[in-house]
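K.L.:
One structure is given below, represented as structure tokens, and several questions about it will come after.
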Amino acid sequence: MSAVRLRPLTEGDVDHIMTWVNDPEITGNIAAFSGHAFSRDDEVAYVRRTLASKTDLVFSIEESETGRYLGQTGIHQIHDRSKVGRLACIVAAKGDHGRGFGTGAIRLVLDHAFGPLGMHKMWLMVFRHNERGRRIYGKLGFIEEGVLREEYWHQNGWYDMVRMSMLAKEWAELRQRAPQQTP
């Protein structure tokens, strides 16, 4: 049994999101972070846009046994014709980092992406210096495609980004080898 479960994002998640969205220790690894604080109204608007979007599918992550909110994961920038989308995952509380919640959530969202959604490829961007993130994604089966030099301006400096991806056939091979314990 997985330590996490996913459920669709709702407007009721805004208060949970507000606990981490302005924490630079959490959002510092989100390349799209805007660099300014988000208000509750900003988050309500974001959730509403996301719920109405045809190119974004976001889930809240909960601990399986307790239902405790853990964070968000989703598929963004879905290109329907090519069946390609960008993966994102945030574990909200620093005390929950390193406990496998993010890995479990990513496995579930990949099962959904490559299963019912019929995606061909999932990709993500990670700061080049985020070795922990790159290692976790690598263990899950993501392949580094390349480095985008000085791609993002963040915290008064330019940062290189690493693009990583996984194909549906690669995920299927991993699942076939170890259906219960995909890396």
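K.L.:
For segment 48-108, please list each of the strands (runs of 3 or more DSSP E) lying entirely inside it that holds at least 1 residues being out of contact with any Pro (no Cβ under 8 Å at 6 or more places or on another chain), modelled with pLDDT of 95 or more and under 11 Å from Val4 (Cα atoms).
P.N.:
Strands (runs of 3 or more DSSP E) meeting the threshold: 57-63, 69-79.
K.L.:
Same structure, new question: Only one of (1) more than 14 Å from the chain's Cα centre (by Cα); (2) surrounded by 13 or more Cβ atoms within 10 Å (Cβ to Cβ); (3) at positive phi is not met by Gly71, so which one is it?
P.N.:
Status for Gly71: all satisfied but (1).
K.L.:
Still on this structure: Mind checking which residues of segment 120-162 are basic (Lys, Arg), at pLDDT 95 or above and surrounded by fewer than 12 Cβ atoms within 10 Å (Cβ to Cβ)?
P.N.:
Arg149 - this is the single residue of segment 120-162 that is basic (Lys, Arg), at pLDDT 95 or above and surrounded by fewer than 12 Cβ atoms within 10 Å (Cβ to Cβ).
K.L.:
A further question follows. Taking Arg163 and the conditions (1) assigned to a strand (DSSP E or B); (2) touching a helix residue (DSSP H, G or I) at 6+ places or on another chain (Cβ under 7 Å); (3) not aliphatic (A, V, I, L, M), which numbered condition does it fall short on, given that it satisfies the others?
P.N.:
Unmet condition: (2).
K.L.:
Would you confirm, using the coordinates I've provided, whether Ser34 is under 26 Å from Arg163 (Cα atoms), at pLDDT below 95 and more than 16 Å from the chain's Cα centre (by Cα)?
P.N.:
yes
The values are calculated or read from the model by the stated rules, or taken from the named source; none is laboratory data. Quick caveat: nothing in here was measured; it's all calculated off a predicted structure. No Cβ is skipped: glycine too gets one built from the backbone with ideal geometry, and neighbour counts run over all protein chains shown.
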